Amino acid sequence: FGWCLKKIGAIYIVRETATKENLSFFDNILDKTSKSKRPLLIFPQGTRVPYKDRPPFKKGVGRIYDAIKLPCIPVALNSGKVWPKNSFNKYPGKIVISFLDPIEPGIQKEDFLQKLQKNIYEEIDLID
């Protein structure tokens, strides 16, 4: 899957490196979003998590939101129920993808992060 993302020009972060080494990551995002008409898709948990887990979102998503000054359209999905983390097994079921109301730019990073997390987790609970 990672190879496919690279092929389409996806921006990725190297998780094993220190934050200082990833500073160009935000510049890459700003550069690509300003030159492209493509949406920016972010998984704010940083990785797939077990379906019923509700870990706090990574702070970097708040930094990205603050830097690009564009509306954020939260997306909630229940794919972890059908395709669990760390499992080769897939289970029958319907994957639901919910596009939520946009969060307009201009909110403080911390408030944005709380609102994003609340909206996504509440929607996942509804589509369960």
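The values are calculated or read from the model by the stated rules, or taken from the named source; none is laboratory data. Note that the structure is predicted; figures quoted are calculated from it, not measured. Here the Cβ positions follow ideal geometry from the backbone for every residue, glycine too, while neighbour counts run over all protein chains shown. The accessibility values were calculated without ligands, DNA or RNA, using every heavy atom of the protein model including side chains. Shrake-Rupley method; radii C 1.70, N 1.55, O 1.52, S 1.80 Å.
What tally of residues in the range 73-86 results from selecting those that are open to solvent by less than 90 Å² (accessible area, probe 1.4 Å) and of a type outside the set (A, V, I, L, M)?
Pass one, the range 73-86, residues open to solvent by less than 90 Å² (accessible area, probe 1.4 Å): 74-80, 82, 84-85.
Cutting the leftovers down to of a type outside the set (A, V, I, L, M) gives us 74, 78-80, 84-85.
Result for the range 73-86: 6.
If a residue must be at pLDDT 80 or above, charged (D, E, K, R) and surrounded by 11 or more Cβ atoms within 10 Å (Cβ to Cβ), how many such residues does the range 38-60 contain?
Qualifying residue count, the range 38-60: 3.
Filtering the range 65-86 down to residues that are touching a strand residue (DSSP E or B) at 6+ places or on another chain (Cβ under 9 Å) and in a helix (DSSP H, G or I), which residue is nearest to Q114 (Cα to Cα)?
Among those that are touching a strand residue (DSSP E or B) at 6+ places or on another chain (Cβ under 9 Å) and in a helix (DSSP H, G or I), it is Y65.
Out of all the residues in the range 87-99, which are assigned to a loop (DSSP other than H, G, I, E, B) and either of a type outside the set (S, T, Y) or open to solvent by less than 100 Å² (accessible area, probe 1.4 Å) (or both)?
Hits for the range 87-99 are S87, F88, N89, K90, P92, G93, K94, I95, V96.
Name every residue in the range 100-128 that is in a loop (DSSP other than H, G, I, E, B) and open to solvent by 100 Å² or more (accessible area, probe 1.4 Å), in order of residue number.
D101, E104, Q108
Can you find, within the range 65-108, the residue that is modelled with the lowest pLDDT among those that are of a type in the set (K, R) and within 30 Å of N28 (Cα to Cα)?
The qualifying residue modelled with the lowest pLDDT is K85.
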